[in-house]
1. Within region 246-263, take every residue that is within 12 Å of ARG54 (Cβ to Cβ) and not hydrophobic (A, V, I, L, M, F, W, C) and give me the one that is surrounded by the most Cβ atoms within 10 Å (Cβ to Cβ).
2. State yes or no: is ARG223 more than 21 Å from THR244 (Cβ to Cβ), basic (Lys, Arg), surrounded by 12 or more Cβ atoms within 10 Å (Cβ to Cβ) and out of contact with any Pro (no Cβ under 6 Å at 6 or more places or on another chain)?
3. Out of the residues in region 137-183 that are charged (D, E, K, R) and within 27 Å of SER78 (Cβ to Cβ), which is nearest to the chain's Cα centre (by Cα)?
4. Assess whether GLU151 counts as being at pLDDT 90 or above, part of a strand (DSSP E or B), of a type in the set (Asp, Glu) and out of contact with any Asp or Glu (no Cβ under 6 Å at 6 or more places or on another chain).
5. Given (1) crowded, with 20+ Cβ neighbours inside 10 Å; (2) of a type in the set (Val, Ile, Thr); (3) at pLDDT below 70; (4) closer than 23 Å to PRO266 by Cβ, where does VAL124 come up short, assuming only one miss?
6. Checking the condition of a type in the set (Ser, Thr, Tyr), modelled with pLDDT of 70 or more and not in a loop (DSSP other than H, G, I, E, B), which residue from THR73, THR47 passes?
7. Hey, does region 101-113 have a residue that's at pLDDT 90 or above, closer than 23 Å to LEU194 by Cβ and surrounded by 17 or more Cβ atoms within 10 Å (Cβ to Cβ)?
8. Which of the residues belonging to region 128-162 are in contact (Cβ under 8 Å) with a residue 24 or more places away in the chain and small (Gly, Ala, Ser)?
Amino acid sequence: MKTPLHLGAALCLLAHIFGGCRLLNDQAVVQGHSPLRPARPSPDSVTMEIIWARFPAGDSALNTDAWREIDETQLPPSVQRELANNGLRAGVVGTRLPDVIAHALHQGEAPSEQSSSAAVGQSVQLLAEPLVHGRVRRLRRNQRSEIQASEVYGSLPLLVSGGRELSGHTFQQAQAVYALRVDPQPDRAVHVELTPEIHHGTARLRWTGGDDGILRQAPLRDREVFEKLRFMVRLAPGEMLVLTSLPDAGSRLGHYFHTVDSADGPPQKLILIRLAEVPPSDTFTAAGDTF
């Protein structure tokens, strides 16, 4: 059972989404801190808001009606087809959200105690979270950031579509992750690149390069990177990238990235990535490394 504090914080999140304000510095917005606290971004970074929202599986308004107002044309047709073949869908919306998405983000009721107790395995944590929650990331050009799209599955039997071919593989201790990179432009727009990945197995110490170019050891799991599903969109300040699954995703990527298994049926998840803040237009006048 969620407290009034959780619900109040969730409403504050929605006020920020529609008012264009900043959120907390990479902290869950459902924590007991005022979301009005001013942020202090680095002069060479952009601020991205990541928002998760659950909704009933098969909701026709969110699976069909909303997409009449979502621009999918920023993605090449070949990428759109690959995403659809794997149960995924993506597009861009302007600063004014479609009404059905706005309604989904205004959900004020936490999941009932009964439905939370009915959850099993990896779904317990996600079902215990508010229906709508979010985080803030401040990213520099080409800095890798990861968006967790699922909890860890003990076993993940995946079907992958590659054109006309369908292959299968089962991953152990696996988690769906979007790898996110940004490329700010001189006109204050930002190129946002997203790549679906499955992280699996036991974390082992590996050498990895940081943003400063120095190699360090860090505990990392194996990654299955879906290169054919990588795409880039262009966002102006206030615009959002919308990600969800097709309602019939089955055992494809869309199911593991955008549903939560439960005894009452798997609710779907929207993931929205909003460009909340960019530096002044003269910050990125020089061309930097691109993807």
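1. By that ranking, first place goes to HIS258.
2. Considered against the rule, which asks whether it is more than 21 Å from THR244 (Cβ to Cβ), basic (Lys, Arg), surrounded by 12 or more Cβ atoms within 10 Å (Cβ to Cβ) and out of contact with any Pro (no Cβ under 6 Å at 6 or more places or on another chain), ARG223 comes out as yes.
3. Start the filter on region 137-183 by keeping residues that are charged (D, E, K, R), which leaves 137-138, 140-141, 144, 146, 151, 164-165, 181, 183.
Now drop any that are not within 27 Å of SER78 (Cβ to Cβ), which leaves 141, 144, 146, 164-165, 181, 183.
Details: ARG141: 18, ARG144: 14, GLU146: 9, ARG164: 28, GLU165: 27, ARG181: 12, ASP183: 17 Å.
This residue is GLU146.
4. Taking the combined requirement at face value, the residue does not satisfy it.
5. (1)
6. Residue meeting the stated conditions: THR47.
7. Yes, region 101-113 contains at least one residue that is at pLDDT 90 or above, closer than 23 Å to LEU194 by Cβ and surrounded by 17 or more Cβ atoms within 10 Å (Cβ to Cβ).
8. GLY134, SER145, ALA149, SER150, GLY154, SER161, GLY162
The values are calculated or read from the model by the stated rules, or taken from the named source; none is laboratory data. What you are looking at is a predicted structure, and each value in this text was computed from that prediction instead of being measured. We place every Cβ from the backbone using ideal geometry, glycine too, and count neighbours over all the protein chains shown.
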